[in-house]
Amino acid sequence: MHIPCSSVFPLEIYGMIIRECNNPRPTGALYFDDWRRRVVGTLSRCSLTCWGWHQYAQPYLFNTIYAQTNDWCYRSICKLAVIVREKPELGRLVKSLYIDGREGDPSWIAVTLHGRWFPDLVALTVLSGAG
């Protein structure tokens, strides 16, 4: 028997659960990148749980975008650019963009993710390996 998730919990509970999953404090010896991967993985799974969870998780998933200058990140950023072109409302959720260009040239990220895709961007951080 299928029970819609909205009938199981009040909607406010979803927000509380998702907010707790996005806890911004890494604990112990957990490195920032490992913590970020865990948070994004957890929020992604929450987003797939049901529509109620999806609409609460999406703003957290898109709030801050971290990008590095490597092949894996290149593919991910290109996918993100396609998603935002197809669904511009998701671009409005991005508030900060963090580009780690210490291991390569970060200019391709800036070109791929230009400002018109993120009209509500309030913070841009670029780490450069040059200089």
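The values are calculated or read from the model by the stated rules, or taken from the named source; none is laboratory data. Quick caveat: nothing in here was measured; it's all calculated off a predicted structure. Glycine also receives a Cβ, built like all others from the backbone with ideal geometry; neighbour counts cover every protein chain displayed. Heads up: the accessible areas ignore ligands, DNA and RNA and are worked out on the full protein's heavy atoms, side chains in. Shrake-Rupley method; radii C 1.70, N 1.55, O 1.52, S 1.80 Å.
Estimated at the nearest 10 Å², the accessible area of Glu20 is 120 Å² with a 1.4 Å probe. In the assembled protein chains, Asp120 presents an accessible area of approximately 50 Å² (probe radius 1.4 Å).
Judged by the mean number of other Cβ atoms found within 10 Å, the most tightly packed of the peptides 9-16, 43-50 leads the ranking 43-50, 9-16. A straight chain from Ile83 to Asn63 at 0.36 nm per residue would run longer than the Cα-Cα distance by 5.7 nm. Note on Val40 and Glu20: the extension gain reaches 5.9 nm, defined as 0.36 nm multiplied by sequence separation minus the Cα-Cα distance. Report note on the peptides 77-86, 52-61: ranked by the mean count of other C-beta atoms within 10 Å, highest first, their order is 52-61, 77-86. If R₀ is 35 angstrom, what is the calculated FRET efficiency for the pair Ile13 and Lys95, using the beta carbon separation as r and rounding to 0.05? Between Ile13 and Lys95 the formula returns 0.90.
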